[in-house]
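Here the structure is laid out as structure tokens; the discussion comes afterwards.
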Amino acid sequence: MHKTKDKIKTVTIKANLEMILVENTWLLKQLKQEQVDTFIQEIKQANAIFIVAAGRSGFSMRSAAMRLMHIGFTVYFVGETTTPAIRPGDLLIAASGSGTTTTIVKAAEKAIAAGAKVVAISTTENSPLAAVATHLVHVAAAEKQDHNSTRSAQFAGSLFEQFLLLFNDAVFQTLWQNKQESAEDMWERHANLE
């Protein structure tokens with residue numbers, strides 16, 4: 001009896017993982033290439049990059065911040081005690097599925113007021129964050145409170161949060177390929193106090 005239960009759990013886990021991968025692949029196909037190209041150009045042209053996101057999106061975006069640092073960009077995560085003032089020529093990358101998270105919208109407004117550019121990554125094209133941003137990368141994932149499973153069978157904003165991680169890793173990979181820096185050179189920037 002115990003072996004049967006374990007087998008059912010394994011099949012369910014594999015089926016769920018396949019569903020997650022299928023949903024992320026579908027999102028990839030919805031991306032607008034011109035939005036991605038502009039996003040990459042904004043990163044390359046920025047004096048410094050600031051990143052803001054909350055909750056699980058924040059965890060995904062912290063991973064993006066780390067990889068951008070590894071490739072040689074000056075990167076800060078908003079809210080950390082060592083994050084300096086944002087200035088003209090800098091870029092704020094603001095990720096919010098709903099585009100309504102108050103702290104993220106306020107950070108974007110302050111960045112614009114300081115003369116910086118703002119790239120919003122969001123599931124909605126009509127939101128306070130999208131309205132204030134200088135550029136939007138639209139991710140066609142379900143919003144956090146879309147409980148109808150119209151775009152995702154997953155709970156809340158899971159698909160958006162997963163896609164943020166994968167999308168930003170792909171952005172990093174593209175930047176790295178264009179820079180043609182060796183993995184050994186980048187490893188010199190990896191944390192060594194661990």
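One table, with the values for the structure above:
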read-out	value
Surface accessible to a 1.4 Å probe, per residue, for the residues of the chain, Å²	58 Å²
Candidate values (i) 50, 30, 30; (ii) 55, 40, 28; (iii) 63, 43, 33, label of the one derived for Cα extents along the principal axes in Å	(iii)
Sequence ranges 118-128, 87-97, 73-83, ranked by mean other-Cβ count within 10 angstrom, highest first	87-97, 118-128, 73-83
Built amide H within the under 5 Å cut-off of Tyr76, gap 5+	Ile49, Phe50, Ile51
Max mean-square fluctuation residue, GNM over the chain, Cα-Cα springs under 10 Å, options Gln162, Gln154, Gln177	Gln177
Folded to 0 to 90 degrees: helix 33-45 orientation relative to the chain principal axis, Cα	40 degrees
Within straight-line cross-link reach of Lys14, aspartates and glutamates at Cα separation under 13 Å, skipping those fewer than 8 residues along the same chain	Asp6
Ranked packing of 25-32, 46-53, most packed first, by mean Cβ within 10 Å	46-53, 25-32
Solvent-accessible area, 1.4 Å probe, carbon plus sulfur percent, for the chain	55 percent
Integer Hz, Karplus 6.51/-1.76/1.60 couplings in order for segment 84-92, x for Gly and Pro	x, 5, 7, 9, x, x, 8, 10, 9
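The values are calculated or read from the model by the stated rules, or taken from the named source; none is laboratory data. All of these numbers come straight from a predicted model, not from anything done at the bench. Ideal geometry is used to build each Cβ from the backbone, glycine not excepted, and the neighbour counts take in all protein chains shown. These area figures cover heavy atoms from the full protein model, side chains too; ligands, DNA and RNA do not enter into them. Shrake-Rupley method; radii C 1.70, N 1.55, O 1.52, S 1.80 Å.
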